[in-house]
Amino acid sequence: MKYLVLMLLPIYLFSFEINFNKKFSKSLPQDTLTTYLSVVVTAESEKEVNERLKKFNKKIKSYNKVEKDHGSLNVRPEYRTSKNAPKITGYRGELRYKVSSDKASDINEFINEVIELKEKRETNVVISNLSWTIKDSAFDIANDILRLEAINWANTYAKNLSEDLKLECKVKNISVNNSYFRPMAKMAYSNAEMSDEKIAVPESNKEDISINPSFVMECK
């Protein structure tokens, strides 16, 4: 086994522990297209910013072919310095959502409908971090399966080790690192790049999910 590390620790006569790591992996198809949608509005008055963002928010909430999460709305004044004193020159508002769907065509249709609401140059629609990924529920299930696989493998290994060494070996401890890295292809677009054509959707691939538990076997 690669990187097998044996530590013989005398517990009592003819007793020892074996410590090592083993990687368990599973490949899943990326099934969900996710992006962050931002609508940015600038205007002279706070009221105008809110009214224009309200129109976009109504459209976004009414579109039911995609999932929307982490919605946020922020409006803040913009300043310039005049005679060493800050002066409000206008307001900037941003409406932001995380959007996802298992159909790229629905994401494309949704974005185009949002862009069609744009009437003024001071309004900008930005699409960022467009990427395929695995649904969180499927990711969690896959990790649970890998943990169970690791436990079953450890019990079988302890049994085989007992037979080979003519000793009584058992699993003393299994430790799983819960830190995962999930690389994603990312793209970013502004409304100027998307006004007359479909989004260039990144290719969906398979994603490798893995755990690397450490095992402690006790033989005596």
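Only the coordinates and a few stated rules stand behind these numbers; no lab work does. Since this is a predicted model, take the numbers as computed values, not measurements. Note that we place each Cβ from the backbone using ideal geometry, even for glycine, and neighbour counts take in every protein chain shown.
Quick look at the values:
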{"read-out": "From phi via Karplus (6.51, -1.76, 1.60), per-residue ³J(HN,Hα) for the stretch 152-167 in Hz, x at Gly/Pro", "value": "5, 4, 4, 5, 5, 5, 4, 5, 5, 5, 4, 5, 5, 8, 6, 10"}
{"read-out": "Theoretical FRET efficiency, 1/(1+(r/R0)^6), r = Cβ-Cβ of LYS55 and ASN205, R0 22 Å, to 0.05", "value": "0.05"}
{"read-out": "FRET E, pair ASP144, ASN84, Förster distance 41 Å, beta-carbon r, rounded to 0.05", "value": "0.10"}
{"read-out": "Theoretical gain in end-to-end length, ARG96 to ASP164 [0.36 nm per residue, Cα-Cα removed]", "value": "18.4 nm"}
{"read-out": "Spacing of the two label points (7 Å from each Cα toward its C-beta) at HIS70 and SER45, in nm", "value": "3.4"}
